[in-house]
Amino acid sequence: MGLTEYRCTCGATLRYKQDLRRERGTVYPAWKCRECGTPVPGQVGEKLSHQHPS
Ligand SMILES: [Zn+2]
């Protein structure tokens with residue numbers, strides 16, 4: 001499968017775990033853009049969190 005990419009509203013392209021900031025949610029972890037703090041859709045965040053630069 002190809003890499004998932006997510007284009008944030010701030011213009012940052014999120015690809016890897018380190019591009020995200022993890023916020024501990026009450027039920028499940030919430031993912032946010034590391035640059036601007038905009039929430040990333042949960043499914044996308046989960047996928048990105050498993051991606052690492054090789
Ligand atoms: Zn952003």
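Just so you know, all these numbers are worked out from the coordinates, no wet-lab data involved. Bear in mind that the values here come from a model prediction, so they are computed numbers and not experimental data. Virtual Cβ from ideal backbone geometry, glycine too; neighbours counted across all protein chains shown.
Side notes on the structure shown:
- Considering only THR13, THR38, THR26, the Gaussian network model of the chain with Cα springs below 10 Å gives its largest mean-square fluctuation to THR26.
- Cα convex hull of the chain - mean projected area over all directions, nm²: 3.7 nm²
- Karplus 3J(HN,Hα) series, Hz, for the stretch 38-46 with 6.51 cos²θ - 1.76 cosθ + 1.60 (x for Gly, Pro): 5, x, 9, x, x, 5, 5, x, 4
- Annotation for the chain: trypsin sites (Lys or Arg not before Pro) lying in DSSP loop with at most 10 further Cβ atoms inside 10 Å of their Cβ are ARG24.
- Label-point gap, in nm, between LEU3 and ARG22 - each point 7 angstrom along Cα→Cβ: 2.0 nm
- Residue by residue, the stretch 4-12 carries 3J(HN,Hα) couplings of 7, 10, 10, 9, 6, 5, 7, x, 6 Hz when phi is fed to the Karplus relation 6.51 cos²θ - 1.76 cosθ + 1.60 (θ = phi - 60°); x denotes Gly or Pro.
- Sequence-distant residues sharing a close amide H with GLN51 (under 5 Å, placed H): LYS17
- 15 Å beta-carbon shell around VAL44, net charge (K/R +1, D/E -1): +4
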